[in-house]
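Structure, as structure tokens:
The values are calculated or read from the model by the stated rules, or taken from the named source; none is laboratory data. Predicted model, so just to flag it, every value in this text is computed and none were measured. Every residue, glycine among them, receives a Cβ derived from its backbone with ideal geometry; neighbour counts consider all protein chains shown. Keep in mind that these areas ignore ligands, DNA and RNA; they rest on the heavy atoms of the full protein, side chains included. Shrake-Rupley method; radii C 1.70, N 1.55, O 1.52, S 1.80 Å.
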Amino acid sequence: MSKEVLIVDDDPDFVETTEIVLQGNGYETRTANNGEEALKKVKEKAPDIILLDIMMKTKGDGIWVSEKIRSEEDLKEIPIIMITAVNQDAEMAKFHFEQESGMEYMPVNVFMEKPIEIEELLEEIDKLIGAS
Amino acid sequence: METESCKIKDFKCHKKRIQGWHNKFESSISSLIETLKDLKDSSIEAKKECSEHYARTVELTKAKTRFTFEVSHELKAPLASVYNIINVILDGYLDGDIKKQKEFLDRARVRIKNITKLLDDLLMLSHLEERTKELEKEEFNIGEVFSSLIEEMNEYAEKSNVKINWNLSENCPHIYGNSELIRRVFANIIHNAIKYSNPRGLVEVTGKKENGSFLLRVKDRGIGIKKKELPKIFNIFFRGENARPNQKKEGMGLGLSLVKRIVDAHEGYINIKSQLHKGTTAEVSFPESQKKEK
């Protein structure tokens, strides 16, 4: 059975192109364009991995979503790749996570900065959940 | 000399002299105390001014950093999407689907156009903030800006399936200002009204002289703005929650934040009233030129 990736971003062009790439490489995909929708979809059916945009302008940003997921016993193991538009976002998120819950706590497995190279994205997904 | 005027045993004379010195000494001391008090007051004042200045500088620096950060975001996110589109096509993911390739390239074109517009607006913004006094201004009849604007807006309205009613007074006043920027203000407001109207909606544009100003009122019955979002509409990069589904459309510049700055640079006035799902009314006015009308 194909592995499933949930793509969460409020930029429809980014979501659709990423979907095309992942489907082209044998993954199944679902999408959400805000944090609340993402959380709803994760609870409906847990994906194998989540690509999560950090900065969504409405209804819950990526930090909020990742913390919610990590706080749920049956969801907390889902790997998350957090997508940022600028590097400072990742620094800010790391700082936030460290301040909130101590050094060991990191709700996100990997940070990737836009623009994302297709090969690098596939590699990271492969590392976290194995090939499609 | 006073010493010579007192005989050695004339104690009264000596006492008087000493009293004189004492009085002089006391008045010097009190004037010295006054000076010190003044110094203390002015040093307190200076310290207060200094700390106020420091707080303002810190605030400005923070605002500037935040602004740079937001600009980077607004530019990098769409650029990343354009980069994705190009990669998807070049890497062959859409081979054999020319229609889809064209659709994505068209989206990339719109995004690039929007980025360019955003950059133009940013340059304009910095120009307005740094050099408001150097803004090229001249006296012109405000009616002049409408001739080309009506054509442009009618075309956009037709494309968007929206009707515009123009109700412009023939007796338009003269304004002292930058006609290109004022045209831009009007264009932006009318463009927004069309863009956020529902299909087959109506936009009413009224322009007239009122209380020594030229007042433009643009009323639509479109999607409106949430009450809690109204105070933020002039903030840079702000877009209402219900306005976002339109983000694929052209025209994502700095919008109203730039409009507000242009209006301020002309000592004008702008007011926006709105009700969610019922529509928005924007009023903008520019003061009539003080010189006699030609």
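For this structure, a couple of remarks:
- Within the accessible area of the stretch B:1-133 (1.4 Å probe), percent carbon and sulfur: 61 percent
- For chain A, calculated [θ]222 nm from helices alone, where every DSSP H run of n ≥ 4 adds -39500 (n - 2.57): -14000 deg cm²/dmol
- Ordering of A:41-53, B:91-103, A:113-125 by burial proxy (mean other Cβ atoms within 10 Å per residue, highest first): A:41-53, A:113-125, B:91-103
- Summary value for chain B: 16 percent relative contact order, contacts being C-alpha pairs under 8 angstrom separated by 6+ residues.
- Whole-angstrom gap from the stretch B:143-165 to the stretch B:99-140, using each part's C-alpha centre: 20 Å
- Rounded accessible area of B:Trp21 (nearest 10 Å², 1.4 Å probe): 140 Å²
- Choice from B:His73, B:His266, B:His22 showing the highest fluctuation, given a GNM over chain B with Cα pairs closer than 10 Å: B:His22
- Treating r as the C-beta distance of B:Glu267 and B:His127 and R0 as 25 Å, the FRET efficiency rounds to 0.90.
- By accessible area with a 1.4 Å probe, ligands and nucleic acids excluded, highest first: order of B:Glu34, B:Glu151: B:Glu151, B:Glu34
- Extent of the protein assembly as shown along its three principal axes (Cα atoms, max minus min coordinate, largest first): 126, 72, 36 Å.
- For chain B, a Gaussian network of Cα nodes joined below 10 Å ranks B:His191, B:His14, B:His53 by mean-square fluctuation, and the top entry is B:His14.
- Inter-chain Cβ neighbour count for B:70-82, averaged per residue, equals 5 (cutoff 10 Å, partner chain atoms only).
- Where A meets B: accessible area buried, both sides, 1.4 Å probe, Å²: 2300 Å²
- Cα→Cβ-extended label distance, 7 Å offset, between B:Asn161 and A:Glu36, nm: 2.8 nm
- The mean count of C-beta atoms from other chains within 10 Å of the C-beta of residues in A:6-19, rounded to a whole number, is 5.
- In terms of its alpha-carbon gyration tensor, the stretch B:1-145 comes out prolate; a/c meets the 1.5 threshold, and the first ratio a/b outweighs b/c.
- Order of exposure, largest accessible area first, which applies to A:Arg30, B:Arg217 with probe 1.4 Å: B:Arg217, A:Arg30
- Cα gyration tensor shape of the stretch B:117-187, rounded if a/c is under 1.5, else prolate or oblate by comparing a/b with b/c: oblate
- Peptide A:24-32 - average C-beta neighbours from other chains (10 Å radius): 1
- Shape call, chain A: gyration tensor on alpha carbons, a/c limit 1.5: rounded
- Values of log10 I(q)/I(0) for chain B across q = 0.07, 0.12, 0.13 Å⁻¹ run -0.44, -0.93, -1.03, by the Debye formula with one identical scatterer at each alpha carbon and no solvent.
- Principal axis dimensions, largest first and in whole angstrom, of the stretch B:148-218 by Cα: 36, 21, 17
- Ligands, DNA and RNA left out, the 1.4 Å accessible surface of the stretch B:140-287 is 46% carbon and sulfur atoms.
- Scanning chain B for cysteines with no neighbouring cysteine C-beta under 4.7 angstrom from their C-beta gives B:Cys50, B:Cys172.
- Residue of B:Phe234, B:Phe67, B:Phe214 that the Gaussian network model of chain B assigns the largest fluctuation, springs spanning Cα pairs under 10 Å: B:Phe67
- On a per residue basis, chain B carries 65 Å² of accessible surface, using protein heavy atoms and a 1.4 Å probe.
- Calculated [θ] (222 nm, deg cm²/dmol) that DSSP helices of n ≥ 4 give over chain B, each run adding -39,500 (n - 2.57): -19000 deg cm²/dmol
- Gained length - B:Thr206 relative to B:Lys12, 0.36 nm times residue gap less alpha-carbon distance: 60.3 nm
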